[in-house]
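Some notes on the structure that comes next.
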Amino acid sequence: MADELSALHGEQWRVEGEEVRGPGALAVRLGEPREDDPDRLELVFLADRDRPETAVPDQLAGADGGFGVGGFGVGGGTGGGGAGGGDQDPLRRGVEVWASTAGAALIELVAHNGRFAGHLDPTDPDGLPGWHAIHGGVVGWGTGKRFHDVQDWLVRNPVLPALAPALGGDLGRDQLVGVQVCFGGGAGRRTAEVRVHGEVHAAASAALAALDWPRVTEGDAYARTFVLLVRRAGARPPAEVGLRAAGRK
């Protein structure tokens, strides 16, 4: 994790005790394990490790998270996509996916320069109405000749507007809400999951499953992205509530 974030950020991240620390007060910690989903590792990103209200939870696919074989591609949060061989270790693949999606969006929160992820304002047609948001990368993986199909579809079809009615107006807090989107499948199997602040959102997951993304019948194809809802329109930006991070006091 420290190596991956260092390479992504261009700044040093290091392991200190039970967390990975970046510049300023940035940190990533392991969360409490979940008995109902032992194949996932709980992660908590903190924009300020001394302020628990800046925590954004997410998950890292574990031992059989689908990353062990096949192709692997990373596309930017504002378009484009690619594919390659990549590392075959499932845990390292999981770290790569997390860093390219959630990690990129969360680092962009403090960098705020568009280098790591794209910004969406509350009126952007590709965003979630009423929210300032940061859209992380779009990652795809799978097997067979069409392993990139779901990733390509996600790059071309922003899902936030389609999920907005199901997500509703109340997301539990007015700033720093993480939305993870992961879906895809192969012959005889499908998955479509939306997590909001670390928890499965049943209505949004059902809405995602109903969208017309490619259903691959030979091999399999999956895609994941992560959007950080920075603040609801009209709420104070995190910087105005004393966020202590790289380059800020």
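The values are calculated or read from the model by the stated rules, or taken from the named source; none is laboratory data. Here the structure is a predicted model, which means the values were calculated and not measured. Heads up, the Cβs are rebuilt from the backbone with ideal geometry, glycines too, and the neighbour counts pull from every protein chain shown. Accessible surface is based on the protein model in full, side chains and every heavy atom, while ligands, DNA and RNA are left aside. Shrake-Rupley method; radii C 1.70, N 1.55, O 1.52, S 1.80 Å.
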Exercise. Specify the inter-centroid distance of segment 151-208 and segment 1-57, based on alpha-carbon positions, in whole Å.
Key: 22 Å
Practice problem: Mind giving me the nanometre distance, one decimal, between the label points for ASP121 and LEU211, set 7 Å out from Cα along Cα→Cβ? | Solution: 2.4 nm
Practice problem: Provide the packing ranking of 162-169, 25-32, 127-134, i.e. peptides ordered by the mean count of other C-beta atoms within 10 Å per residue, highest first. | Solution: 127-134, 25-32, 162-169
Practice problem: Could you give log10 I(q)/I(0) at q = 0.15, 0.24, 0.26, 0.33 Å⁻¹ for segment 184-227, computed by the Debye formula over C-alpha point scatterers of equal weight, without solvent? | Solution: -0.39, -0.87, -0.97, -1.20
Exercise. Evaluate the charge dipole of segment 94-169 about its Cα centre and quote only its size in Debye, nearest 20, assuming +1 on the Cβ of each Lys and Arg and -1 on the Cβ of each Asp and Glu.
Key: 200 debye
Self-check item: Computed over segment 111-245: relative contact order in percent, which uses C-alpha pairs under 8 Å that are six or more apart
Solution: 32 percent
Quiz item: In Å², what does the accessible area per residue of segment 96-158 work out to with a 1.4 Å probe?
Solution: 37 Å²
Quiz item: Could you give the dipole magnitude of segment 101-249 about its Cα centre, charging the beta-carbon of Lys and Arg +1 and that of Asp and Glu -1, in debye to the nearest 20?
Solution: 400 debye
